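Take a look at the structure below.
The values are calculated or read from the model by the stated rules, or taken from the named source; none is laboratory data. Being a predicted model, the structure only gives us computed values, none of them experimental. All Cβ positions, glycine included, derive from the backbone under ideal geometry; neighbour counts span all protein chains shown. Ligands, DNA and RNA are excluded from the accessible area calculation, which covers all protein heavy atoms including side chains. Shrake-Rupley method; radii C 1.70, N 1.55, O 1.52, S 1.80 Å.
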Amino acid sequence: MDWYMMNCELLATCSALGYLEGDVYHREPDCLESVKDLIRYLRHEDETRDVRQQLGAAQILQNDLLPILVQYPQDKVLFDAVIRLMVNLTQPALLCFGKVPADATSRHHFLQVLSYLQAYKEAFASEKVFVVLSEKLYNLLQLDWEQRQEEDTLLIERILLLVRNVLHVPPDPAEEQQGVDGDASVHDRVLWALHISGMDDLLKFLASAQVEQQWALHVLEIISLMFRDQSPEELAALGQGTAGAEHGEDTRELESLRQRELAEKRSRALQRPSRHSRFGGSYVLQGLKSIGDRDVAFHKGLHNLKSYTHDLGKEPRRVPRHRQAAPESEPSRRSARNVRLFLRHFCQDFLEGCYNRLMLLVKDQLVRDKAQQHDETYYLWATAFFMAFNRRHGFRPELVSETVGVRAFHFIEQNLTTYYEMALMDKKEATTWARRMHLALKAYQELLRTVQEMDRSPEQAVRDSSQVIKSNIFYLMEYRELFLALFRKFDETKQPRSFLRDLVETAHLFLRMLERFCRGRANLVVQSKHVRRKKKPRAPAAAAAAPSAAELEQLWEGLAPQLQACLEGEVPLPEDVVPFDAASETPVEEQRAEALLRIQECLRDSRLPQALRLLRSAREVWPEGDVFGAADAGPPEETQLLREILVAPLPRQAPAEPEEPEEEEEEDEEEEQTVQVSEKEFNFLDYLKRFACAPVVRALVLLLRGYARNSARTNHCAARLLHRLARDLRMEPLLFQLSLFALFHRLLSDPAAAAHQELVTLAKFILGKFFALAATNKKAFVELLFWKSPAAVYEMTKGYSSLQEGEGTTRSRVPPWTPQQEQELRELYWKYKEVEGGDVIAAILAQLPAPGRTRRQVVKQLVRMGLASSAKDFPRERKGTRIVLWTQEQEEELTRLFEEFQGSDDVLGNIMKHLTARRSRARVVEKLLGLGLVAERKELYKKRRRKSQGPGPGQAATPARDSSGEDEDSEEEEEEEEEDEAEEGLTEELWLPEEGAGQDLAQRLHQEGLAGPLRWLQNCLRRAAGDRQEDGVSHPVPLVPLTEENEDAMEDRRFQTLLRQLGLRPPASEQESFWRIPAALTPQQLRRAAASIAHRGLSGSPQDLPEPPGCPQDPAPAEPLPAGLGSDSESEEPVPVPVPSPVQPRTKRRRELASEDEDEDEDGVGSGTEPAPAAPCSEEEEEDEDPQPRGRRKRIRCLEEEEEEEEG
């Protein structure tokens, strides 16, 4: 952008800053005001960031701001303003634009801003600038907390943010390509200036000081940017040996390249004759067909024959962008030696004095949600980097004790699983989630390596600690299944090759540690989780073959003598009968009903000792209501109670359908998933068989394609995994794949193959096994085209008919069809095929004998027998497809049911239970409106009963709902659940609060420091009552918390309980975000609710409360209330947002970087006049004013809550 195209006002403001004469900068009298004007201009720039681009083109930071910063550090106000402006100018381009723009115009602006940031970073590579910043930061940190003002705290944060912004600027690709390893880049020069000024010592002080805990995440972020592009292994090895040893890796790499070049020269010399021939000759390649039926004619020399391919002369096929491999992350670059030495000493000092404490603080902030979103990535990076440095540099486990343990494994595994799930769900941001997943994987890998290093420690206590850690992580199923899930969902278009490399190395390390752990133990018990899926029945089926009353009486007569013996103590009662499971997720009421069912089952199975013990145990657990008899019940009472339980028609759940091994078509029924946790003996080979699948082999082959670029360890890990699958599991045919054989061909013909001897050995072993199998199985060559499963491997070696005979593992759960069953199935199919309007499969299932078959198994067998072309020939009957129109009989039935239940509390629920033809609630409501039986939907809402008194001492408090369990079951089977939920959400507005509701809970909240939110809530209720009384119209009014204290209170569970007691309604759906004052509440009820939460003194009377600072329903003074404000629809006018005062406590990275001078200048009001009301500040202006990343760090109120208070 040209300087002369600058805005006139912006140009005049820049000119008023001052001028540079030689090395001396002369500031103008209006320098401070000009800096503040530039801040205001940046606050109001457009989406193209025009002001930022013009200031970057004019080089204001290099020519004006930095000289002012260096020459006038004693002017505190000017220094503060300049720091604010530079923080704004240097904020990352991603924060300015939100993301990398997709369109060309916006991307051009993005790259332009990025180029200016790179110029800023080069200007900051000055010792003078960092000396000034370090001295100012040092002086501020010398102040005690009593002397430190709010402006000092803000200035500390701005200096840290400025350093963060400068280090965050990415390198210029053109400069990186021109430079070589060992040269000092711009980033290196900035780091060196930071080191010379002593800023690194201040960072270590902030990380270790007890009173500077609030800067923990700032410091960790700066340190992560300092060590960008650095390798912990190279830093740890620096200076530990001679110069030849330090460059040993480079020497070995050059020697490998030299050997490859010499081998190629020798091969060319052998192919080309000593005497040059002017005539190349023409040859016919027999057996290689050309486009026609003739052999290929080759018109070049024989030495070029090996390079012949049919693709010569063709244009390579262009790979679509969405199928291209994911780009690698920024490659590690070797910095200048003095910079690496400085970083190495920094790592040593940081590990010895800061690491454990800083990681503890950061982990605490992450767990308590005090950090910004995705700040855990800095924690994951620091864990991987510094633990790797410590492992290579002497390995002292006490230096990294904070991140070594089961909790660290659990935290990293949780984040890794979260990133994995988000990468599958959030397809647009899958690449970003993959980068975060890579960070978590590297941290997990370093934890495993540290535990492995602890096994080699000479100290017995360290080795014992590693054994404890391994026993915990190997016991849990989540850690064992993690690598299988990552292998199966690996996508090379979203995840880079470096992720696959770390995944293979980590999986190899985990398998080796697990194998050694199992080797010294005879029986290793691990946790196992089994997910059982059972389909919800469409309707509660009646109990099949229920015994009659006569049969039960006959059974009781036979049980009477045995029961008498149990009551007299002649038969011992079992002691291991437990009716209640405190760890179960099943509610207590449901467990009580299950206990009754268990007693009845024991009686009907003639197990009287178990039934009697279960009855007495249940009486101790549930003494209220005398459901299981009175506490002092004797033998006669217990006998009578057992008889009543035996003959009682207790409700039973319908039996679940048998599990099906495969899912090929979509199911209509919903599925319930239950996780069953058990223990079993661990077998390492059984676990290794889980890796014998096509996704794992495909990923390993993809990694080995770049064997020449891979490190020796990477190739070893991949080859070892393939060797485990082929040799240990004896599944060599699993590796019989054409792409892997092409890789072996390229490897064996490589002149430098001697450097990859392990891969060469594996290739020869696999090829030998293949040709041995091909001698007996002629289809092995065709099998090369497909990735294989263990079942296919079994068929290739044992015969292709073995699995069909039921010998395979994949079909062991499905009983085979005998010829007699196939003939019967064929007859039933032809019998019911011609029946119109009927379900053929359902009719066949009803006639098939045992063993029972599922619908899918029958359909698959019909397709296999050729009676049907595909499963689509038997579509499953969908819900609601057969009932479209209302017949006259159905309308008469609906009218009769409405007249019968018109006076009940739940009209619609009773009608739904007694309707013959099942329909959704929405269809029934529409038909009632169409018949004119009701005028509006409100007449069909449930009527809430108000209890006259609380629950008695022997009764449990139950929610105020009139719907029974049967009604809930019927609601789950409806066709359109979203419409039902919307209707049920509307009925909540009819619940009316009782007088004095929530008074006790409000007083407790007053005592615990929530007086401010309660005053705000009280004022909102009073305002809403006044508005409804004046207007005469009631609308739902949302409660919008505009202050952080009120927002925290709205997330508190006990505060939400108070809102429910007052009759307020929570968000009904995803479309709503705030609680609402229902329209059904009258002004009198609102005033009574406001009075019930008023703070009461010792006398018991409510005290006068001052008006809170604001409520979203309050109009500004002397201004009319905006139209629509308080209704469900969004208001077109902006709601005034109060700006926090400078004395208010501020959250980390979310503060207004404003000074009192600027506020006075903007207001334009002297000290003797009354300040005018603050103008509404939009959300965008606040974000522009704050140069921090978007989002805020919420301050979580730490309250020690007792269990009794939560229940109250």
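Run the numbers for Lys872 and Leu484: contour at 0.36 nm per residue of separation, minus the present Cα-Cα distance, in nm. Numbers along the way, then the final one.
On the way: separation 388, 0.36 × 388 = 139.68 nm, distance 3.35 nm.
Between Lys872 and Leu484, full extension yields 136.3 nm more.
Starting from the amide H of Phe298, placed 1.01 Å from N in the peptide plane, find each other amide H under 5 Å away whose residue is 5 or more places distant or on another chain.
Those lying under 5 Å, H to H, from Phe298 are Tyr283, Val284, Leu285.
Among Lys370/Lys442; Lys121/Lys494; Lys428/Lys489; Lys788/Lys860; Lys99/Lys489, which pairs are too far apart, with a Cα-Cα distance over 28 Å?
In this structure, Lys121/Lys494 exceed 28 Å between Cα atoms.
What is the distance in Å between the Cα centres of the stretch 717-792 and the stretch 326-376?
42
If you take the square roots of the eigenvalues of the alpha-carbon gyration tensor of the stretch 58-102 and sort them as a ≥ b ≥ c, do you get rounded (a/c under 1.5), prolate (a/b over b/c) or oblate?
Details: a/c = 4.99, a/b = 2.33, b/c = 2.14.
Since a/c reaches 1.5 and a/b is larger than b/c, the shape of the stretch 58-102 is classed as prolate.
How would you rank 16-28, 427-439, highest first, on the average number of other Cβ atoms within 10 Å across their residues? Provide the component values of the computation, followed by the final result.
Details: 16-28: 14.2, 427-439: 17.5.
The peptides rank, most packed first, as 427-439, 16-28.
For Arg519 and Val319, what does the FRET efficiency come to when R0 = 45 Å and r is the distance between their Cβ atoms, rounded to the nearest 0.05? Present the calculation step by step, with values, prior to reporting the outcome.
On the way: r = 46 Å, r/R0 = 1.02.
Here the calculated transfer efficiency is 0.45.
Can you give me the % of accessible surface on the stretch 28-70 that is carbon or sulfur? Probe 1.4 Å, all protein chains present, nothing else counted.
On the way: 650 of 1500 Å².
Answer for the stretch 28-70: carbon and sulfur cover 44 percent of the accessible area.
Net charge within 11 Å of Met865 by Cβ-Cβ distance, Lys/Arg positive one each and Asp/Glu negative one each, not counting Met865 itself? Let's see the in-between values first.
Details: positive: Arg826, Lys860, Arg864; negative: Glu822.
Overall, the nearby charge balance is +2.
Give the shape of the stretch 320-377 as rounded, prolate or oblate, defined through the alpha-carbon gyration tensor: a ≥ b ≥ c are the square roots of its eigenvalues, a/c under 1.5 means rounded, and otherwise the shape is prolate if a/b is larger than b/c and oblate if not. Walk me through the numbers on the way to the answer.
Details: a/c = 4.64, a/b = 1.17, b/c = 3.97.
Taking the square roots of the gyration eigenvalues as a ≥ b ≥ c, the stretch 320-377 is oblate.
With a cut-off of 11 Å, note down the residues of the stretch 193-222 whose backbone N falls inside the zone around a label point 7 Å from the Cα of Glu127 toward its beta carbon.
193-198
Could you tally up the Lys pairs in the stretch 282-368 with alpha carbons closer than 19 Å? Skip any pair fewer than 8 positions apart unless they're on separate chains. Before the final figure, lay out the partial values.
Details: Lys289/Lys300; Lys289/Lys306; Lys289/Lys314; Lys300/Lys314; Lys306/Lys314.
So the count works out to 5.
If you take every residue apart from Asp426 with its C-beta less than 15 Å away from the C-beta of Asp426, what net charge results, scoring Lys and Arg +1 and Asp and Glu -1?
On the way: positive: Lys99, Lys427, Lys428, Arg435, Arg436, Lys489, Lys494; negative: Glu421, Glu429, Asp491.
In short, +4.
Give the lysines reachable from Lys938 as a straight Cα distance under 29 Å; neighbours fewer than 8 places away on the same chain don't count.
Lys879, Lys913, Lys927, Lys947
Could you tell me which chymotrypsin sites (Phe, Trp or Tyr not before Pro) in the stretch 108-204 are loop residues by DSSP with no more than 16 other beta carbons within 10 angstrom of their beta carbon? Numbers along the way, then the final one.
Values: sites: Phe110, Tyr116, Tyr120, Phe124, Phe130, Tyr138, Trp145, Trp192; in loops: Phe124, Trp145.
Here the chymotrypsin sites (Phe, Trp or Tyr not before Pro) that fit, given the DSSP loop and packing criteria, are Trp145.
For the stretch 131-224, evaluate the Debye formula with one uniform point scatterer on each Cα (no solvent term) and list log10 I(q)/I(0) at q = 0.12, 0.13, 0.19, 0.25 Å⁻¹, rounded to two decimals.
Calculated log10 I(q)/I(0) at the listed q: -0.44, -0.50, -0.92, -1.41.
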